[in-house]
1. Which lysines have a Cα lying under 22 Å from the Cα of Lys35, excluding residues fewer than 8 positions away in the same chain?
2. Taking the mean number of other Cβ atoms within 10 Å as a proxy for protection, how do you rank 133-141, 47-55 from highest to lowest?
3. Using only the alpha-carbon atoms of the stretch 159-267 as identical scatterers, what base-10 log of I(q)/I(0) does the Debye formula give at q = 0.12, 0.21, 0.22 Å⁻¹?
4. Determine the share of the chain's accessible area contributed by carbon and sulfur atoms, expressed in whole percent, with a 1.4 angstrom probe.
5. Given the convex hull of the Cα atoms of the stretch 232-306, what is a quarter of its surface area in nm²?
6. More than 14 Å apart: what percent of Cα pairs in the stretch 113-174 qualify?
7. Using amide H atoms built in the peptide plane, which far-off residues or other-chain residues are under 5 Å from Val132 H to H?
8. Using a 1.4 Å probe on the protein heavy atoms only, what accessible surface does Leu278 show? Give it in Å² to the nearest 10.
Amino acid sequence: MSSRGLRPQSLAGVRLAEGRPARRAAAVRAVVLVKQPPPFRMASRETHPEGTVVAAGEVNIGTGRLVVMAGPCSVESRQQIREAARRVKAAGADMLRGGAYKPRTSPYDFQGLGRKALAWLSEAGRECGLPVVTEVVSPEDVDLVAEHADLLQVGARNMQNYALLRRLAIAPKPVLLKRGPSATILEWLLAAEYLLSGGNPHVVLCERGIRTFETAMRNTLDLAGVALVKSLSHLPVVVDPSHGTGKRALVPPASRAAAAVGADGLLIEVHPCPERALSDGEQSLDPAEFAALMRTLRPHAVAAHA
Ligand code: PEP
Ligand code: MN
């Protein structure tokens, strides 16, 4: 038998003399070091060295060009989401975001307008030529949300909702998987593994900040983790600097930092009038602030007119 053909099991029956290195035992022809694959075998770059490109509608994520998804935290009215879509498109955004189903920490907070918000969101996206990303919070809603959205968002609170992940694994649309606020990178990649192993290869990861001892910001945006995940996995990684910082003034510098560490895209909250937002106004940019940020991210782009 050639040493190549020697499988690890072949070593099992070999009795080695006490204290002798395996290599020198008479019955051992070769010692083969078998590298364990990482537990996230389908998400791993070891098994798939090329970066994956995920298509959300007409937009490709993971090509090396920074994809910007922008819009309000919540869809609040038909007029609000149309206005938001028009303004983010004019500033150069590639995709429109907006929540119809909102997972809120308090049951007394605005929970989203559900089905009608989905219809307004997809209409606004179509009008402006922007694919849409929106959150789905329960397995029963996956079909409905998939009819309206180009990219299905799994919120941070649901990263380990395995019933939802299993359902999304058989959905006909790509998935944006946010990192849980207390999830390790291994747990995040294993959550992605549920989607991949269940049959959906179209997965985008999203870093949105984790909970640490620091309370000066809403979360701690783990940008080193983004660079690490880009090296560990072939999946595209986007960054949400809005939830990652919780503060409007920190969104532009955090966005530029995310681009610098190699993020494939950004998910940014933009509201036509943040002071009146029903959720996350304090971390939302107004359209002028968003346009100014886009000019720093894409200094050579020709500005479109609103
Ligand atoms: C959101 O994108 O509005 C949202 C609820 O995000 P997260 O799940 O990261 O808190
Ligand atoms: Mn939000």
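The values are calculated or read from the model by the stated rules, or taken from the named source; none is laboratory data. Bear in mind the structure is a predicted one, so any value in this text is a computation, not a measurement. Quick reminder, even Gly has a Cβ in these numbers, built from the backbone with ideal geometry, and neighbours come from all protein chains shown. Heavy atoms of the whole protein, side chains included, go into the accessibility calculation; ligands, DNA and RNA do not. Shrake-Rupley method; radii C 1.70, N 1.55, O 1.52, S 1.80 Å.
1. Excluding near neighbours in sequence, the set is Lys230.
2. Those peptides, ordered most packed to least, come out 133-141, 47-55.
3. -0.39, -1.07, -1.15
4. 54
5. 5.9
6. 52
7. Amide H to amide H, under 5 Å and 5 or more residues apart or across chains, Val132 pairs with Leu96, Asp150, Leu151.
8. 90
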